[in-house]
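A short worksheet on the structure shown next.
No value in this document is a laboratory result; all are computed from the given coordinates. Only a predicted model underlies this, so the values are computations on that prediction, with no experimental measurement involved. Positions of Cβ are generated from backbone atoms using ideal geometry, with glycine treated the same way; all protein chains shown enter the neighbour counts.
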Amino acid sequence: MNKTDLIDHIAQEADISKAAAGRALDAVIGGVKGALKKGGSVTLVGFGTFAVGKRTARTGRNPRTGAAIKIKAAKVPKFRPGKALKDALN
């Protein structure tokens with residue numbers, strides 16, 4: 001399922017136009033991005049939690065030359081599924 005499919009599904013389930021469903025989806029994604037950018041987390045009960053993880057700096061290898069390179073520390077998005085989502089899949 002891609003974004004267009006998800007917008008179609010939201011529009012059908014909520015009985016709203018595709019344009020409104022697209023704006024709603026963009027608002028949700030924007031809200032999650034904004035919260036994560038501030039270092040917070042977003043918990044959707046029954047679905048899961050979006051949070052920010054930290055990846056430490058490390059040494060890697062250039063696959064073409066084999067030379068050692070330094071990889072900077074980074075913040076990465078993480079998702080931890082909730083119990084209801086896990087139960088729905090199993």
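Charge dipole (Cα centre; +1 on Lys/Arg Cβ, -1 on Asp/Glu Cβ; no other charges) of the chain amounts to roughly 1080 debye. Shown is the FRET efficiency for Arg23 and Lys83, computed with R0 = 30 Å from the Cβ-Cβ distance and rounded to the nearest 0.05: 0.50. Dipole of the chain computed with +1 at Lys/Arg Cβ and -1 at Asp/Glu Cβ about the Cα centre; of Gly66, Ala84, Gly31, farthest Cα towards the positive end is Gly66. Principal-axis analysis of the Cα atoms of the chain puts helix 18-37 at an angle of about 40° to the longest axis.
Remark: relative contact order (the chain) = 21 percent; criterion is Cα-Cα distance under 8 angstrom and separation of 6 or more residues. When shorter helices are ignored and each DSSP H run of at least 4 residues is given -39500 (n - 2.57), the per-residue value for the chain at 222 nm works out to -13500 deg cm²/dmol. Looking at this model, which pairs from Lys37/Lys86; Lys3/Lys72; Lys18/Lys75; Lys3/Lys38; Lys18/Lys78; Lys33/Lys54 are more than 23 angstrom apart at the alpha-carbon? Pairs exceeding the cut-off: Lys37/Lys86; Lys3/Lys72; Lys18/Lys75; Lys3/Lys38; Lys18/Lys78. Taking Lys and Arg as +1 and Asp and Glu as -1, the other residues whose beta-carbon sits under 10 Å from that of Val76 total +4. Relative to the dominant Cα principal axis of the chain, helix 3-14 is inclined by about 30°. Listed peptides 8-21, 59-72 appear in the order 8-21, 59-72 once ranked by packing, highest mean of other Cβ atoms within 10 Å at the front.
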